1. Return the residue satisfying two criteria in turn: it lies in segment 136-183 and is of a type in the set (K, R) and open to solvent by 30 Å² or more (accessible area, probe 1.4 Å), and of such residues it is nearest to the ligand (Cβ to nearest atom).
2. Only strands (runs of 3 or more DSSP E) wholly contained in segment 1-114 count here; list those with 1 or more residues that are open to solvent by 60 Å² or more (accessible area, probe 1.4 Å).
3. Report yes if some residue within segment 141-158 is touching a residue at least 40 places away in the same chain (Cβ under 8 Å), assigned to a helix (DSSP H, G or I) and not polar (S, T, N, Q); otherwise report no.
4. Residues of segment 237-267 being polar (S, T, N, Q), part of a helix (DSSP H, G or I) and open to solvent by 60 Å² or more (accessible area, probe 1.4 Å), which ones?
5. Starting from segment 27-46, keep only residues that are more than 15 Å from the ligand (Cβ to nearest atom), then list their pairs with residues that are open to solvent by 30 Å² or more (accessible area, probe 1.4 Å) whose Cβ atoms are within a distance under 6 Å, requiring at least 6 positions of separation or different chains.
6. Yes or no: A204 touching a residue at least 40 places away in the same chain (Cβ under 8 Å) and farther than 23 Å from E6 by Cβ?
7. Answer yes or no as to whether A367 is in contact (Cβ under 8 Å) with a residue 40 or more places away in the chain, surrounded by fewer than 17 Cβ atoms within 10 Å (Cβ to Cβ) and either in a helix (DSSP H, G or I) or within 17 Å of the chain's Cα centre (by Cα) (or both).
8. Take segment 79-121 and flag every residue that is more than 24 Å from L47 (Cβ to Cβ) and in contact with a helix residue (DSSP H, G or I) (Cβ under 8 Å, 6 or more places away or on another chain).
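The values are calculated or read from the model by the stated rules, or taken from the named source; none is laboratory data. Quick caveat: nothing in here was measured; it's all calculated off a predicted structure. Every residue, glycine as well, gets a Cβ built from its backbone with ideal geometry; the counts of neighbours run over all protein chains shown. When the accessible area is computed, the model is the full protein with side chains, heavy atoms only, and any ligands, DNA or RNA have been set aside. Shrake-Rupley method; radii C 1.70, N 1.55, O 1.52, S 1.80 Å.
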Amino acid sequence: MSNGFEVRQAAVVGAGTMGRGIVISLANAGIPVLWLDTNAQMLTAGLEMAAEFWAQQVVKGRISTAQAEQSLALVQAVDSYAALADVDLVIEAVYENLALKQEIFRTLDSTLKPDAILASNTSALDIDAIASATRRPAQVLGLHFFSPAHIMKLLEIVRGAQTSPAVLDAARQLGQRLGKVAVVAGNCPGFIGNRMLKTYANEARKMLLEGAVPQQVDTALQAFGFAMGPFRMYDVVGVDLEWRARTLAGQGMDNPLVQVDNALCELGRFGQKAGQGYYHYAAGSREACHDAAVDALVAQIANDLGYRRRLISDQEIVERCLLALVNEGAKILEENIAANSHDVDLVYLNGYGFPAAVGGPLSWADARGLASIQARLEDLRSKFGEHWQAAALIERLVAAGKGFADVEQGRV
Ligand code: NAD
């Protein structure tokens, strides 16, 4: 790697959903991995899952038996931090809890050799707060993989305030070695992708309360070309994930936008894994079937919240969801969280099922012309409120007759 940094030996802490995919991804690239989890059963299950994955690859003719054996031999379970002393890179993928991650980083810092890089797979926690638990913040960063980590192409490299350029270079090269599309993101809640997803999903949730039903929202966005509408996506990842986080934090439960999610979870409708969520699923099937009971639940909650529901067109659904993505993407660009509009588009194309033919949300906006985007945002602001205020960057670009593609490092 540049500056002589090469990952010869990696470690992963955490053998859950993400840890498993990350380990497979590293071993697929020929990188030896030490694997640590406080729960020995999770490690055993993780090793079994990895072995099964490679066995399936053999059955599908994608790799040879010898390659499968080689990959498996690269993975070694360990039971102490002392065993990690000489690794070049560790990727932490334990529960999403800041205090827990800080404790782990403190231990890693005191155990690993001084030039080792310490990375967290956190989805949204503050990388600087994690780095502050160590005496080597220049060597701490986020490596945000997407689920399943051995299949999804996107890797968000999250740069902390003190992460050194050499460490970012090393991370970029690791991304390349793993065959990922790597994008560097600044440190803010949700980084690039999940920050945009939040405004988009919230717009979809608002439209449920205003009069749409989940299947209509999903169908409209899928007709535009999204791999999956937001409510089908929540069913796949688990409606309960955010609900549990809200419950644990004791925050955000009374937000009107999450009342439908809350009600679904209280009914045990956690999504595909529970056989029911925003949709229902026949036993053993992943096919999302319309559920009139969910439409009735949505209408009931909206009425209780005082909404007067109306018919919402598919066009309005698509436009509001896309414009929410564009306006948040513009703020991300303006704050230099992303280096350029192409990076924002890459994140959305490779991590969130945005239609490739459209080129990404900011290319879509450039193709429509930012003056027209600004006019639509202004119209939405007058109808629905200040959260539709156009990002200052859009106003500056329109005034200069330019597009998002002309922005580099936050500058026009
Ligand atoms: P998970 O619950 O599936 O697995 C977490 C694992 O961490 C468990 O095996 C647990 O035994 C282990 N663990 C807990 N405390 C530990 C400790 N002190 N030392 C060692 N191991 C410990 O979680 P997950 O879904 O794999 O998520 C892991 C991280 O990845 C979280 O920060 C999450 O936000 C992030 N993430 C998750 C997804 C996703 O879709 N699941 C996507 C991107 C990022």
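1. K153
2. So the answer is 75-77.
3. no
4. Within segment 237-267, just T247 meets the criteria.
5. Hits for this filter: A27/L74; A29/R177; P32/Q9; P32/L74.
6. When the stated conditions are applied, A204 passes them.
7. No: the conditions fail for A367.
8. L98, Q102, F105, D115, I117
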